[in-house]
Amino acid sequence: MKDEDIRKELESWLDEHWSPDHSLVAWRSILVDAGWAATHWPTDFHGRGFTSQQAQLVQQVFANRNIVPAASSSPRGLAAETILAHGTDEQKARYLRPILTGEHAWCQLFSEPGSGSDLAGASTRAALRDGQWVINGQKVWNTSAHHADFGILLARTNFDLPKHQGLSYFLISMHQPGVEVRPLRQMNGHASFNEVFMTDAVVPAGDLLGGEGNGWAVAATTLSYERQSFRGSRRSAVNLDLPGRVYEEYAREQAIANEPYSWYPQREGRVDLVMSRARETGAIKDPAIRQEIARLLSMQQANGLTAAVAEAKRRSGSNEIVPSGSIGKLAASIIARQAAHVHTMIAGADAMAAGPDSAVDGMIAEVLLSVPAISIAGGTDEIQRNIIAERVLGMPKETRSDTGPFRDIKRNA
Amino acid sequence: MQLTLSEDQIDFQDMVARFLEASSPPTEVRRLMATESGYDPEVWRRLSSELGLTGIHIPETWGGSGFGPIELGIATEQMGRYLYCGPFFASSVMATYALLQMASDEAKTALLPGLAAGETLGCLVLDDLNDPVKVGSSLAADASGHLQGTAPLVVDANNADLMLVVARETGGLGLYLLDLLEIQDTPANGLRITPRQAIDETRKLCRVSFDHTPAVRIGDVTRQGLNRLWDHIIVALAHEMIGGAQRLFDSTIEYTRLRYQFGRPIGSFQGLKHRCADLLVQLEFARSVTFHAAACLDAGNEVAHEPAMAKAMASDLYMEVARTAIQLRGGIGFTWEDDTHLWFKRAKSAEVFMGSPHLHRERMMTMLEAIS
Ligand SMILES: Cc1cc2nc3c(=O)[nH]c(=O)nc-3n(C[C@H](O)[C@H](O)[C@H](O)COP(=O)(O)OP(=O)(O)OC[C@H]3O[C@@H](n4cnc5c(N)ncnc54)[C@H](O)[C@@H]3O)c2cc1C
């Protein structure tokens with residue numbers, strides 16, 4: 001389908017159906033039914049099988065016309081993509097639609113105090129009892145778990161098998177007595193991640209995803225989508241200050257659902273602010289700072305182009321390995337670091353101040369205190385480098401110290 | 001020139017370390033940083049009167065113990081290591097050095113004994129904290145000694161009893177004194193001290209503004225003199241940064257020994273070992289250069305490039321260590337609960353305090369160019 005045709009079809013559909021007087025869920029249900037909620041999904045499940053470029057075009061039309069889109073905040077997307085890839089038809093039918101309408105928020109329950117980089121070292125226990133899975137253990141760093149209705153959960157169903165083989169992947173309801181969520185405060189003052197304690201929490205047998213013992217393969221799908229999501233966060237392009245029920249409800253949803261992510265643009269370094277800051281402070285005249293800005297903007301553009309090339313190759317069906325996930329994730333963290341460096345140079349001593357009374361309403365201070373997260377969240381820089389070296393470049397693997405039955409592997413208590 | 005600490009200096013260092021180990025544990029740092037004044041007067045009293053730190057570099061004639069930049073550096077290094085919360089840097093380093101180097105003998109006689117004893121607290125108001133060349137661009141004094149203008153960033157102004165101000169005047173710069181015990185912060189005298197939120201909550205920051213505020217002129221400030229003052233301050237700051245960096249570095253190495261992933265301690269991964277080894281090189285460089293800069297100041301050498309070099313290297317090193325300290329702890333390192341961020345924030349703030357690394361490298365080049 002040609003871009004122009006897509007645009008025309010969508011525009012005329014919107015002319016006919018869009019109204020700001022719908023409730024948020026009602027409007028999104030209309031979107032889902034008509035196949036405009038997630039156009040890159042398969043036609044069987046609410047989508048149109050569009051390429052990601054076509055899907056972007058669709059999003060652009062929504063943004064240009066200031067029309068409220070389907071729900072999309074990040075762990076929701078990870079859950080959806082993983083369910084699409086590994087779910088049964090029943091699971092897809094049950095879970096995908098409320099993700100798009102925004103009725104269900106999700107969180108990712110992967111990391112544990114004892115297993116972060118080594119995700120496959122998870123020791124949360126899942127045992128089948130009377131036809132349902134009973135979960136015991138602790139997760140940590142779970143972003144927006146305090147707002148979530150469901151979690152994608154990695155847990156161990158067998159402690160005697162080698163560690164990758166004993167894992168299973170579950171869809172767990174967060175609204176049950178066995179699940180306790182405690183917020184954790186971060187160094188930048190926000191509290192977007194949590195500890196999640198599971199004590200005899202239950203998961204119905206039908207909510208095992210991808211089969212018992214297949215947890216690692218299923219998690220790999222989630223992780224590869226997660227890495228790609230670091231390419232740059234898209235902020236809501238919709239003007240929320242418009243009259244109409246759907247805008248009011250959307251604004252309310254964004255305020256809650258996006259609250260944990262309000263600092264995410266800052267952790268990416270706010271490259272968008274660099275030129276205006278350099279101009280307004282006069283730093284643009286400093287040759288040393290100019291060099292660093294140029295370096296930053298070059299990286300930023302190169303990263304965008306590298307991603308576009310990878311996407312083009314994928315679309316043309318080339319079977320060249322396109323390592324865009326790990327490269328993009330590592331690039332995001334290098335760029336964020338350089339951006340923090342540049343913002344520090346531009347601000348000079350003003351970078352000592354924070355809060356509303358400091359540069360750009362405190363945004364620069366927040367950049368400086370948020371950037372350290374990007375090289376940890378979603379798999380650390382070191383892990384991305386290992387993936388690039390071993391899986392992409394095929395360099396010899398590290399000698400392993402974690403073979404054999406899981407219960408015998410050395411780990412922190 | 002001295003290359004290592006003497007036995008007496010090592011004893012002194014141990015004494016300061018023991019004192020701060022007991023009086024400035026992270027729990028205390030967290031408690032104090034949440035208070036308005038940011039310090040514990042009782043700890044301050046003991047640090048001044050029992051340890052004599054406030055007068056360490058003040059000549060005996062003015063109530064001090066007559067040591068110099070090396071001993072002061074030993075003290076600030078330990079303060080950086082323990083993230084001591086208090087007005088030492090503002091009062092004993094910045095204000096005291098300003099008096100020592102620029103004030104009339106009369107003013108020194110009147111003011112230094114109180115500072116040496118820690119009984120009065122000073123602060124130094126500079127309208128620019130980036131570059132000595134820019135000082136005086138927004139604060140001015142008229143012929144009758146009235147001050148006009150704003151200094152956006154003044155350390156510990158909220159705690160000060162006396163305020164020293166470098167202001168522009170006809171024909172140059174002058175050093176002015178405001179005795180805050182006499183002049184109150186009221187609209188009538190045009191003085192305003194506004195506490196500001198800081199990235200590093202362990203060091204209190206204020207905005208200070210003057211509107212026809214009466215002050216007393218107590219000394220001449222030449223550009224060369226200002227550079228020299230700046231150099232003394234940044235060398236004490238570089239020591240503080242080395243102390244903080246060493247502490248973070250040590251605790252990070254320790255963490256990599258204890259934390260297991262993939263069935264082995266993370267410190268056994270070569271990627272982390274190499275990163276730590278590189279950091280050690282940087283740490284040793286910055287430490288040697290910083291100690292050398294203090295020794296140069298101690299020897300009374302004329303203005304040279306060593307202080308600028310030390311500040312630039314210590315800043316880069318501290319930030320690099322602080323970033324690594326968070327990174328190697330993973331998610332824990334990004335939490336409020338873990339102490340690492342307290343040092344990270346000090347590192348970030350110290351990086352730009354009294355001039356960013358690139359500015360000091362530029363100063364260094366200017367000085368080297370002038371010599372050769
Ligand atoms: C802002 C933020 C949001 C997050 N959100 C979520 C979430 O929603 N859900 C969730 O499940 N998790 C989440 N996480 C957790 C994140 O995925 C983990 O913190 C991360 O994977 C690192 O694990 P760890 O914290 O246990 O550190 P560790 O794994 O203990 O790592 C410590 C250090 O060792 C290094 N290291 C470990 N293994 C190796 C190796 N083989 N080679 C070289 N170096 C190595 C690491 O790179 C790191 O520097 C979040 C984290 C952050 C910071």
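Consider segment A:190-205 and keep the residues that are out of contact with any Lys or Arg (no Cβ under 8 Å at 6 or more places or on another chain) and surrounded by 14 or more Cβ atoms within 10 Å (Cβ to Cβ). The one that is nearest to the other protein chains (Cβ to nearest Cβ) is A:Phe193.
Note on segment A:254-303: among residues that are open to solvent by 40 Å² or more (accessible area, probe 1.4 Å) and within 22 Å of A:Ser72 (Cα to Cα), the one that is modelled with the highest pLDDT is A:Glu268. When each of A:Val367, A:Val309, A:Val360, A:Val371 is tested for being more than 8 Å from chain B (Cβ to nearest Cβ) and more than 27 Å from B:Gly333 (Cβ to Cβ), the lone residue that passes is A:Val309. The listed residues are B:Glu362, B:Glu369, and the only one of them that is more than 18 Å from the chain's Cα centre (by Cα) and at the interface with chain A (Cβ under 9 Å from one of its Cβ atoms) turns out to be B:Glu362. When the residues of segment B:333-366 are filtered to those that are hydroxyl-bearing (Ser, Thr, Tyr) and away from the ligand (no atom under 16 Å from the Cβ), the one that is surrounded by the fewest Cβ atoms within 10 Å (Cβ to Cβ) is B:Thr366.
Here B:Arg275 qualifies as among the basic types (Lys, Arg), in contact (Cβ under 8 Å) with a residue 24 or more places away in the chain and within 16 Å of the ligand (Cβ to nearest atom). Tallying residues that are surrounded by fewer than 21 Cβ atoms within 10 Å (Cβ to Cβ) and more than 8 Å from the ligand (Cβ to nearest atom) within segment A:360-386 yields 4. One residue is enough: does segment A:146-169 have a residue meeting the conditions under 19 Å from the mean Cα position of the chain (by Cα) and among the charged types (D, E, K, R)? Within segment A:146-169 (the criterion being under 19 Å from the mean Cα position of the chain (by Cα) and among the charged types (D, E, K, R)), the answer is yes, since at least one residue qualifies. Is at least one residue of segment B:44-55 open to solvent by less than 10 Å² (accessible area, probe 1.4 Å), under 24 Å from B:Pro195 (Cα atoms) and small (Gly, Ala, Ser)? Looking for residues that are open to solvent by less than 10 Å² (accessible area, probe 1.4 Å), under 24 Å from B:Pro195 (Cα atoms) and small (Gly, Ala, Ser), one finds none in segment B:44-55, hence no.
Pairs only if they're at least six apart or on different chains, beta carbon under 8 angstrom, first in segment B:187-198 and in contact (Cβ under 8 Å) with a residue 60 or more places away in the chain and under 19 Å from B:Gly122 (Cβ atoms), second open to solvent by 50 Å² or more (accessible area, probe 1.4 Å) and of a type outside the set (Gly, Ala, Ser); list them, first residue then second. Short answer, once both residue conditions are applied: B:Pro195/B:Glu36; B:Pro195/B:Asn158. Suppose the filter is within 14 Å of chain B (Cβ to nearest Cβ), within 15 Å of the ligand (Cβ to nearest atom) and open to solvent by less than 20 Å² (accessible area, probe 1.4 Å); does A:Val218 pass it? Criteria not met by A:Val218. Report yes if some residue within segment A:116-130 is under 18 Å from the mean Cα position of the chain (by Cα), within 14 Å of chain B (Cβ to nearest Cβ) and not in a helix (DSSP H, G or I); otherwise report no. So far as segment A:116-130 goes, yes, one or more of its residues are under 18 Å from the mean Cα position of the chain (by Cα), within 14 Å of chain B (Cβ to nearest Cβ) and not in a helix (DSSP H, G or I). Figure legend. Inter-residue proximity from segment A:138-151: first residues within 16 Å of A:Gln186 (Cβ to Cβ) and within 14 Å of chain B (Cβ to nearest Cβ), second residues of a type in the set (S, T, N, Q) and open to solvent by less than 10 Å² (accessible area, probe 1.4 Å), beta-carbon distance below 6 Å, spacing 6+ or different chains. Indicated pairs: A:Asn142/A:Asn194; A:Thr143/A:Ser192; A:Ala145/A:Asn194. Among the residues that make up segment A:141-151, is at least one of them away from the ligand (no atom under 16 Å from the Cβ) and at positive phi? For segment A:141-151, residues away from the ligand (no atom under 16 Å from the Cβ) and at positive phi: absent.
Of the set (1) within 13 Å of the ligand (Cβ to nearest atom); (2) more than 14 Å from chain B (Cβ to nearest Cβ); (3) buried (at least 23 other Cβ atoms within 10 Å of the Cβ); (4) not aliphatic (A, V, I, L, M), all apply to A:Ser168 but (1).
Picking from residues in segment B:138-169 that are in contact with a strand residue (DSSP E or B) (Cβ under 6 Å, 6 or more places away or on another chain) and open to solvent by 30 Å² or more (accessible area, probe 1.4 Å), the one that is nearest to B:Asp211 (Cα to Cα) is B:Gln148. Restricting segment B:312-332 to residues that are closer than 30 Å to B:Glu369 by Cβ, open to solvent by less than 30 Å² (accessible area, probe 1.4 Å) and within 13 Å of chain A (Cβ to nearest Cβ), the residue that is farthest from the ligand (Cβ to nearest atom) is B:Ala312. Determine whether B:Met102 is touching a strand residue (DSSP E or B) at 6+ places or on another chain (Cβ under 6 Å), open to solvent by 10 Å² or more (accessible area, probe 1.4 Å) and not assigned by TED's automatic domain parsing to the domain that holds B:Asn158. So B:Met102 fits the description; yes. With respect to the stated conditions, A:Gly394 fails to be crowded, with 23+ Cβ neighbours inside 10 Å and either touching a Leu at 6+ places or on another chain (Cβ under 8 Å) or more than 8 Å from chain B (Cβ to nearest Cβ) (or both). Does segment A:319-330 include one or more residues that are touching a helix residue (DSSP H, G or I) at 6+ places or on another chain (Cβ under 8 Å) and within 12 Å of chain B (Cβ to nearest Cβ)? Taking every residue of segment A:319-330 in turn, none turns out to be touching a helix residue (DSSP H, G or I) at 6+ places or on another chain (Cβ under 8 Å) and within 12 Å of chain B (Cβ to nearest Cβ).
Check segment B:297-307 and report whether any residue there is at pLDDT below 95, surrounded by 19 or more Cβ atoms within 10 Å (Cβ to Cβ) and in contact with a Gly (Cβ under 6 Å, 6 or more places away or on another chain). Within segment B:297-307, one or more residues are at pLDDT below 95, surrounded by 19 or more Cβ atoms within 10 Å (Cβ to Cβ) and in contact with a Gly (Cβ under 6 Å, 6 or more places away or on another chain).
Of the residues making up segment A:93-117, those that are open to solvent by 30 Å² or more (accessible area, probe 1.4 Å) and closer than 28 Å to A:Leu14 by Cα number 5. Of all the numbered requirements in (1) within 30 Å of A:Asn412 (Cα to Cα); (2) buried (at least 23 other Cβ atoms within 10 Å of the Cβ), B:Asp250 misses one, and that requirement is (2).
The values are calculated or read from the model by the stated rules, or taken from the named source; none is laboratory data. This structure is a prediction, so every number in the text was calculated from the model and none was measured. Positions of Cβ are generated from backbone atoms using ideal geometry, with glycine treated the same way; all protein chains shown enter the neighbour counts. Each accessible area value is taken on the protein alone, full model and side chains, heavy atoms only, with ligands, DNA and RNA left out. Shrake-Rupley method; radii C 1.70, N 1.55, O 1.52, S 1.80 Å.
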